[in-house]
Amino acid sequence: MLIVLGGGPAGLAVGWYARRAGIPCVVFEAGPRVGGNCVTFEVDGFRFDSGAHRFHDKDPQVTADVRALMGEELQLIEVPSYIWSEGALVHFPLSPLNLMRRMGVLRFAQAAAQVIAGRVARRTEPGNFEEFALAIYGRIVAERFLLNYSSKLWGLPCDRLSPDVAGRRLSGLGLKTFLIEAWGGVRVQDRHLDGRFLYPRDGYGRIVERLAEECGEGVVQPNSRVTGIGHEGDRITWVEIAGRGRVDVDEVVSTLPLDSFLRFMTPAVEPSVLAMVGGMNYRNVVLAAFFLKRSAINGAGTVYFPSDEFPFTRIYEPRNRSRAMSPPGYTSLVAEVPCDSSDGAWTDSDRAVVDLVQPHLERIGWIRPGDIVGTAVRRLSHAYPVLEKGYAGRVKEVHGWLSRFKNLRFSGRSGKFRYSWLHEMLRFGRDIVSEAATDRAGGRVAGTTSEKLFTA
């Protein structure tokens, strides 16, 4: 039996691919619903996602799988994203022509000189995100658009963040782009903007709902919190579920946070092993949704807010992804407020969170008090692994210690401790199941199919 710990998108992907491969599987989810931090909420006819989610066609195999899974529910969307800077919307990813219009010719020329000088002079790998941003974008652009935003999102100064926090989203503004746009103008400029993606008609959470449905009846078991993980020699031998007993396992895929996994292990792991995860932290996100008696606010997919004057990092209007996300004649705005578990945004009342965000939306002219017909607040724990400088070495050390267990694999943001997108989580699941199928074909896994799951 293949046991999957966690019913978020990464765990459900394993369950779905396992069914397709004919491998018996059970997915244990601690909460009452599937999806983890990838869910579409519904309140009084308004729908909004647990983030400004989009499905990008980055992996042809995975995209084909998702198209087959979703059918006609999956729509091709073309809507641009922006950065709110000094009272104006700036294209994101950053575009030289658009920047020149917003910054003025002189300031833009200074910024362009810094970008070109940084690309030409770059000799060593940056040691942190601040060094990376300054080397790639120059001080003018980095300070205006990137550094404050990243500090707000991750909760650390940029000189303590790994260059990996840049991901692949900050590749639009470079020497090549400067030259191409200068030659080709607006037609070329529009080609690299981040506005074309796939999106389900009734919200991003429909992808995980369909994954759960296609796992098969009884495979996904909610309200099943892991409380113990048994090991002997080089094997994980059983998993304990609160109030239900133990499950004997052949193979385990964990999407749990690495620190939680280690603490659940029986016999208990040594303190020196637990110390490996001491510096591996997570960032929470609070969503503040405003339901509005307005047909539309703006045409943006997502708007990013780098300035410290705003408590949120980005805002999205769900209706711009799909008209089904709000009733006819209405729209909504959702603000993301990143925070730690000790911050006021996480511990204060829902009303306090609304009061924190609303004045800023009024000040920039996006809402009026009379527009609001309702609000909602949702909290997402462990939303982002914090990629602090040196984190990769710690993750490698932890995974290295856990690699002694031959029937154990990890997936997802928490299990791999890496910032990853849904198409990557599906790829993880596809590859994990492919490896498991190979092991079974080679006789390295017996593969139990007993109907009796739990033992005393």
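Its alpha carbons give the chain an Rg and a Dmax of 23.2, 74 Å. From the alpha carbon centroid of region 337-376 to that of region 54-126 is 27 Å. Under a 5 Å amide H cut-off, with hydrogens placed 1.01 Å from N, Tyr330 pairs with nothing among residues at least 5 apart or on other chains.
In debye, nearest 20, what is the charge dipole magnitude of the chain about its Cα centre with +1 on Lys and Arg Cβ and -1 on Asp and Glu Cβ, if you could check? Around 940 debye, computed over the chain. Between Val105 and Ser403, the contour length at 0.36 nm per residue exceeds the alpha carbon distance by 101.7 nm. 3J(HN,Hα) along region 421-436: 9, 4, 5, 6, 5, 5, 5, 4, x, 4, 5, 4, 5, 4, 5, 5 Hz, from the Karplus curve 6.51 cos²θ - 1.76 cosθ + 1.60 with θ = phi - 60°, whole Hz, x for Gly and Pro. Across the chain, the longest run free of exposed loop sites, meaning GluC sites (Glu not before Pro) lying outside DSSP classes H, G, I, E and B with no more than 10 other Cβ atoms within 10 Å, spans 310-450. Helix 60-70 axis versus longest C-alpha principal axis of the chain: approximately 80°, rounded to the nearest ten. The angle between the Cα long axis of helix 129-141 and the longest principal axis of the Cα atoms of the chain comes to about 20 degrees, rounded to the nearest 10. For region 282-385, the relative contact order is 44 percent, taking Cα pairs closer than 8 Å that sit 6 or more residues apart in sequence and dividing their mean separation by the residue count. For the chain, the longest principal axis of the C-alpha atoms and the axis of helix 175-184 are separated by about 50°. Using R0 = 25 Å, the C-beta based FRET efficiency linking Arg33 and Ala352 works out to 0.45. Would you compute the Debye intensity of region 1-150 from its alpha-carbon atoms alone, equal scatterers and no solvent, and pass along log10 I(q)/I(0) at q = 0.14, 0.16 Å⁻¹ to two decimals? For region 1-150, the Cα-only Debye profile gives -0.94, -1.01. The trypsin sites (Lys or Arg not before Pro) found in region 68-158 that occupy coil by DSSP, while having at most 14 further C-beta atoms within 10 Å, are Arg122, Arg123.
Note on Arg67 and Arg363: their simple-model spin labels are 4.6 nm apart, each label 7 Å out from Cα toward Cβ. Taking 0.36 nm per residue of separation and subtracting the current Cα-Cα distance, fully stretching the chain between Asp159 and Val43 would add 37.7 nm. Extension gain, Glu86 to Arg201, is 38.0 nm, computed as 0.36 nm per intervening residue step minus the present C-alpha separation. Distance distribution P(r), region 282-385, all Cα-Cα pairs, bin width 5 angstrom from 0: 2, 13, 24, 25, 19, 11, 5, 1 percent.
Read the figures in this text as sums done on the coordinates, not as results from a lab. Keep in mind that what you see is a predicted model, and the values were worked out from it rather than measured. When we count neighbours, we look across all protein chains shown, and the Cβ atoms used for this are built from the backbone with ideal geometry, even at glycine.
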